[in-house]
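The values are calculated or read from the model by the stated rules, or taken from the named source; none is laboratory data. The structure displayed is predicted, hence computed values, not measured ones. Virtual Cβ from ideal backbone geometry, glycine too; neighbours counted across all protein chains shown. Ligands, DNA and RNA are stripped out before the accessible areas are found, and what is left, the full protein with its side chains, is counted by its heavy atoms. Shrake-Rupley method; radii C 1.70, N 1.55, O 1.52, S 1.80 Å.
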Amino acid sequence: MALVAVVLMVTASAVLGSLCGAATDRTLQRAATREQRERHATTAVVVHQTRQRNAVGDAEGVGGREGRIRVVANWTAYDGSLHTGTVAAPRRAAPAGSTFRMWTDDRGIRTSRPLDTTTAHAHAVFAGLGAAVAAAGLVEGVRRLVVWRLVRRRYARLDRAWAGYGPDWGRAGAGS
């Protein structure tokens, strides 16, 4: 049982992990290509700061090294249209007239930075490793279940055999 489990863990896990990683990589590379085609970097100019707190669902997030603040800014979209809105900006871009880089879609609506191919590949590698580890865990779980059942069956047979010899144990002339 242990040999079968080891062979399955080594071969099946590796095959499943590589298949899952390759499929994930193809999907993420297509998504990265699409995002790079549809999202565009633009420069925004700060009009003034707002008293509004950062929104949790902001496209650029609220974390980061430099922190982010809410500002009213103007930017030009990829199609040439002018836009004004409240956006999260790096703390260093707080004064009016400061500029910062932001990402927009084809219509000029603020969005997150597009996925790059290196990051997509890294995510695919981790997905493949995760699938391989999950497959190995599944094989180990099945192996433990089978061994547990075998041990329970062996103990049941031992209990039945002991019940047959048990009442006569240690009595003189009982034939044991």
(message) Can you report the number of residues in region 62-86 which are at pLDDT 85 or above, among the hydrophobic types (A, V, I, L, M, F, W, C) and either more than 13 Å from GLN49 (Cβ to Cβ) or open to solvent by 50 Å² or more (accessible area, probe 1.4 Å) (or both)?
(response) 3
(request) Considering each of ALA23, ALA44 in turn, give the residue that is open to solvent by less than 80 Å² (accessible area, probe 1.4 Å) and touching a residue at least 24 places away in the same chain (Cβ under 8 Å). (result) ALA44
(request) Determine which member of the set ALA163, ALA89, ALA174 is modelled with pLDDT under 90 and surrounded by 14 or more Cβ atoms within 10 Å (Cβ to Cβ). (result) ALA89
(request) Scan region 92-113 for residues that are among the charged types (D, E, K, R) and either open to solvent by less than 20 Å² (accessible area, probe 1.4 Å) or under 30 Å from THR24 (Cβ atoms) (or both) and jot them down. (result) ARG101, ASP105, ASP106, ARG107, ARG110, ARG113
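ALA127: closer than 30 Å to VAL10 by Cα and exposed (fewer than 14 other Cβ atoms within 10 Å of the Cβ), yes or no?
Judged against the criteria, ALA127 is not a match.
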(message) Being more than 21 Å from the chain's Cα centre (by Cα), among the charged types (D, E, K, R) and either at pLDDT below 95 or loosely packed, with under 14 Cβ neighbours inside 10 Å (or both) is the requirement here; does ASP116 meet it?
(response) no
(request) Test ALA44 against the stated conditions and say whether it is at pLDDT below 90 and out of contact with any Pro (no Cβ under 6 Å at 6 or more places or on another chain). (result) no
(message) Residues to consider are ARG37, ARG51; find the one that is without any contact (Cβ under 8 Å) to a residue 24 or more places away in the chain and assigned to a loop (DSSP other than H, G, I, E, B).
(response) ARG51
(request) Considering (1) at pLDDT below 85; (2) under 30 Å from GLU140 (Cα atoms), say which one GLY21 fails and leave the rest. (result) (1)
(message) Any residue that is surrounded by 14 or more Cβ atoms within 10 Å (Cβ to Cβ) and either charged (D, E, K, R) or touching a Gly at 6+ places or on another chain (Cβ under 8 Å) (or both) - is there at least one of those in region 142-154?
(response) yes
